[in-house]
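K.L.:
Starting off with a structure, shown below.
We did not get these values from a lab; they are worked out from the coordinates using the rules stated. On a predicted model such as this, the values are computed, not experimentally measured, just so you know.
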């Protein structure tokens, strides 16, 4: 049986897994990232997690054709350099050579959002499809694209930064230093910002009680209160979905994907997010009444998407 080995580096945890020929994770390991440490220490733990996952599956490292690593930030996979990641404090780190010293099999690296769309395409909600657009909604907005069955990463490997496509001229400040990016309106960070602003304007809103009961304002606050008929919460949710739909509509008009996948914690809202989102994407899709629009679906792999995608790096 053919096996693959993938490692997903996150801000808080390093997760490794072995995937068998039936696309099942047969062993998994998770260790703390310790992101404030030198990159050499983090890389050592990444390699260690991969080897531990292999051993847990009863496999020697030569059972794998390669080992893949997904990580946040700008990853120049052609040069094997991790260019930048704010949450790790990395800049121009020679990550492939650092990892390769621990292995005799090839090391492959890629951006975590790219890994997510690869994972969903090979083993998740987009299996069998050749053109896939995925947005991961979290602290930021991650983007990934499969075009004609191949991962699109641009000429330097750092393309498909869909969260930083300008949406509103002179708009809200973005974490990247620019203004008006999709991320500034469609991330959970932006949703929380708008929720807090609405709460300040509406002291009678049910969002106050919800926040007190759940340890503060988070991405669920407005959605859950909107479901109960709270008007202020409904306004927040409608505005959030409208901005997200406008961004997706623009991407659909350029790429015409077979499916649009939504991942990240906010996708747990299910139909409360996806049904109105699909309706509004239609408004922004060119000639939707004639040629239709791609379906908008929830990503299927959850937190395992990064492991799957890392394991399949270089195969799409």
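K.L.:
Provide the three semi-axes, in whole Å and in decreasing order, of the ellipsoid equivalent to the chain as defined by the square roots of 5 times the Cα gyration tensor eigenvalues.
P.N.:
So the three semi-axes of the chain are 35, 22, 18 Å.
K.L.:
Give the angle, between 0 and 90 degrees and rounded to the nearest 10, that separates the Cα long axis of helix 39-56 from the longest principal axis of the Cα atoms of the chain.
P.N.:
Here the helix axis deviates by roughly 70 degrees.
K.L.:
Please say if the range 1-147 is rounded, prolate or oblate, where rounded means a/c under 1.5 for a ≥ b ≥ c the square roots of the C-alpha gyration tensor eigenvalues, and otherwise the choice is prolate for a/b larger than b/c and oblate otherwise? Mind showing how you got there, number by number?
P.N.:
Values: a/c = 1.58, a/b = 1.02, b/c = 1.55.
Note, shape of the range 1-147 comes out oblate.
K.L.:
Then there is this: Would you kindly calculate the translational diffusion coefficient of the range 132-299, applying Stokes-Einstein with the Kirkwood radius from alpha carbon pairs, for 10 °C and a viscosity of 1.306 mPa s, and quote it in µm² s⁻¹ without decimals?
P.N.:
The calculation lands on 97 µm²/s.
K.L.:
Tell me the relative contact order for the range 132-299 as a rounded percent, counting alpha carbon contacts under 8 Å between residues six or more apart.
P.N.:
Normalised by residue count, the contact order of the range 132-299 is 22 percent.
K.L.:
If you line up the long axis of helix 231-255 against the longest principal axis of the chain, both from Cα atoms, how many degrees apart are they, to the nearest 10?
P.N.:
Approximately 50 degrees, to the nearest ten.
K.L.:
Using Cα atoms only, what is the angle between the long axis of helix 112-123 and the major principal axis of the chain, expressed in degrees (0 to 90) to the nearest 10?
P.N.:
For helix 112-123, the angle is close to 80 degrees.
K.L.:
Still on this structure: Just the number, please: percent antiparallel of the DSSP beta bridges in the range 1-160, rounded to the nearest 5.
P.N.:
Of all bridge pairs located within the range 1-160, approximately 75 percent are antiparallel.
K.L.:
Still on this structure, please answer the following. Can you give the helix-only mean residue ellipticity at 222 nm for the chain, where every DSSP H stretch with n ≥ 4 adds -39500 (n - 2.57) and the sum goes over all residues, rounded to the nearest 500 deg cm²/dmol?
P.N.:
-11000 deg cm²/dmol
K.L.:
If one computes the Cα centroid of the range 1-69 and of the range 89-152, what distance in Å separates the two points?
P.N.:
Here the two parts' Cα centres lie 15 Å apart.
K.L.:
Ok, one more. As a test, work out the antiparallel percent of DSSP beta bridges whose residues both lie in the chain, rounded to the nearest 5.
P.N.:
Among the beta bridges of the chain, antiparallel pairing accounts for roughly 60 percent.
K.L.:
I need to check one value: relative contact order of the chain, counting alpha carbon pairs closer than 8 Å and at least 6 residues apart, in percent.
P.N.:
19
K.L.:
Could you let me know the centre-to-centre spacing of the range 159-207 and the range 247-311, using Cα atoms, in angstrom?
P.N.:
Centre-to-centre distance over Cα atoms comes out at 19 Å.
K.L.:
OK, next. Classify the range 64-109: rounded, prolate or oblate, from the alpha-carbon gyration tensor (a ≥ b ≥ c, eigenvalue square roots; a/c under 1.5 rounded; otherwise prolate if a/b is larger than b/c)?
P.N.:
Prolate, because a/c is 1.5 or more and a/b exceeds b/c.
K.L.:
Separate question: Can you tell me the alpha carbon radius of gyration of the range 104-228 divided by the globular rule-of-thumb value 2.2 N^0.38 Å?
P.N.:
Normalised Cα radius of gyration, the range 104-228: 1.32.
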